[in-house]
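Worksheet: the structure to be examined is printed underneath.
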Amino acid sequence: MGVLRSLAFNTTFYVGTALRMIVQSPYYFSTSRENAYRVVVQGWGRFVNRQMRLWVGTTFEIEGLENIPDGPCIITPKHQSAWDTIMLLPWIPDSVFMLKRELIQMPLFGWYLKKQRQIAVDRAASGRAMADAIKRTKAEVETGRQLIIFPEGTRRPPGAEPDYKRGIQLIYSGLAVPVVPVVMHPGLFWPRGNFRRQKGHFKVKILPAIPPGKPPKVFFAELVETMERESDRLLLETVAENPHLDLPEVTRKRVAELKAAEGP
């Protein structure tokens with residue numbers, strides 16, 4: 001049954017996404033960027049979340065929406081799954097992503113990204129190219145948008161050893177806006193590089209914002225410590241509430257370490 005549910009969701013997700021992009025293109029490319037975001041982009045996020053609930057039986061709840069400022073900010077979620085980039089869109093008023101350059105070069109999907117003025121970054125870029133990307137990002141954030149950036153850079157299994165990139169320090173210093181950490185474990189339900197989707201329920205925790213103006217190294221240490229502490233707590237809670245989950249080896253190992261640290 002799990003295989004059939006996964007097949008149904010994956011078919012609906014990929015085919016449905018492609019059809020939505022084709023059908024909605026006339027409206028998307030003729031209206032304002034802001035209208036296109038509210039109607040098409042946020043609508044896509046709601047569509048994907050509904051399909052996960054309908055076909056797989058996976059649901060989530062969000063805690064801490066009040067921690068997202070009304071104005072510009074940087075949102076830094078844990079990154080485990082393709083779902084990370086989609087699921088929160090309905091709740092982010094006007095997001096802008098820093099993303100890999102290859103995505104912006106894709107036919108149609110890349111055109112959609114360009115319409116939203118997403119910031120494409122070459123991972124092998126020089127310091128000058130990164131400085132230019134931060135400059136373009138700052139211009140978008142100054143209009144009131146919310147930057148979403150994954151501080152570990154790439155998807156990692158739940159419970160994996162953290163690998164935060166120092167580039168977040170430059171972005172924090174350059175943009176001078178609050179940073180909102182987000183911890184969640186959708187990778188347990190929509191794992192990277194795996195056809196299978198798993199049913200269950202999990203929480204998304206939006207943590208209190210780190211204010212601007214701190215020394216970059218102090219900010220970085222606080223971000224890592226806060227996110228890893230809360231991520232570990234949430235991992236134990238999520239696994240306990242979903243005992244049926246087939247956990248990756250790295251996740252099982254981390255859960256065992258955390259339980260041992262708690263003691264009897």
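Residue count for the range 56-86, restricted to those that are within 26 Å of residue 138 (Cβ to Cβ), in a loop (DSSP other than H, G, I, E, B) and touching a residue at least 12 places away in the same chain (Cβ under 8 Å): 8.
Here's the yes/no breakdown for (1) outside any helix (DSSP H, G or I); (2) under 23 Å from residue 84 (Cβ atoms); (3) in contact (Cβ under 8 Å) with a residue 60 or more places away in the chain:
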| residue | (1), (2), (3) |
| --- | --- |
| 12 | no, yes, no |
| 16 | no, yes, no |
| 25 | no, no, yes |
| 35 | no, no, no |
| 39 | no, yes, no |
| 51 | no, yes, no |
| 54 | no, yes, no |
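Here's the yes/no breakdown for (1) farther than 16 Å from residue 185 by Cβ; (2) modelled with pLDDT under 95; (3) of a type in the set (A, V, I, L, M); (4) part of a helix (DSSP H, G or I):
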{"site": "221", "(1), (2), (3), (4)": "yes, no, yes, yes"}
{"site": "225", "(1), (2), (3), (4)": "yes, no, no, yes"}
{"site": "235", "(1), (2), (3), (4)": "no, no, yes, yes"}
{"site": "238", "(1), (2), (3), (4)": "no, no, no, yes"}
{"site": "246", "(1), (2), (3), (4)": "no, yes, no, no"}
{"site": "251", "(1), (2), (3), (4)": "no, no, no, yes"}
{"site": "261", "(1), (2), (3), (4)": "yes, yes, yes, yes"}
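Just give me the residues in the range 94-122 being more than 18 Å from residue 73 (Cβ to Cβ) and either touching a residue at least 24 places away in the same chain (Cβ under 8 Å) or assigned to a helix (DSSP H, G or I) (or both), in sequence order. Once the filter is applied, which keeps residues that are more than 18 Å from residue 73 (Cβ to Cβ) and either touching a residue at least 24 places away in the same chain (Cβ under 8 Å) or assigned to a helix (DSSP H, G or I) (or both), the range 94-122 yields 101, 102, 103, 104, 108, 109, 110, 111, 112, 113, 114, 115.
Suppose we filter 230, 257 for residues that are part of a helix (DSSP H, G or I) and within 20 Å of the chain's Cα centre (by Cα); which single one remains? When all the criteria are applied, what remains is 230. If you check 144, 159 for being in contact with an Asp or Glu (Cβ under 9 Å, 6 or more places away or on another chain), modelled with pLDDT of 90 or more and buried (at least 20 other Cβ atoms within 10 Å of the Cβ), only one passes: 159.
When only residues in the range 64-80 that are among the polar types (S, T, N, Q) and crowded, with 20+ Cβ neighbours inside 10 Å count, which is modelled with the highest pLDDT?
Of the residues in the range 64-80, the ones among the polar types (S, T, N, Q) are 67, 76, 80.
Now narrow it down to the ones that are crowded, with 20+ Cβ neighbours inside 10 Å: 76, 80.
On the way: 76: 97, 80: 94.
For the range 64-80, the residue satisfying everything is 76.
Within the range 177-217, the set of residues being touching a Gly at 6+ places or on another chain (Cβ under 7 Å) and not in a loop (DSSP other than H, G, I, E, B) comprises 205, 206.
Of these, 175, 188, which one is buried (at least 19 other Cβ atoms within 10 Å of the Cβ) and over 19 Å from the mean Cα position of the chain (by Cα)? Walk me through it before giving the result.
Details: 188 fails: over 19 Å from the mean Cα position of the chain (by Cα).
Going through 175, 188 in turn, just one is buried (at least 19 other Cβ atoms within 10 Å of the Cβ) and over 19 Å from the mean Cα position of the chain (by Cα): 175.
The values are calculated or read from the model by the stated rules, or taken from the named source; none is laboratory data. Quantities reported herein were computed from a predicted structural model and do not represent experimental measurements. Counting neighbours? That spans all protein chains shown, and the Cβs are built from the backbone with ideal geometry, glycine included.
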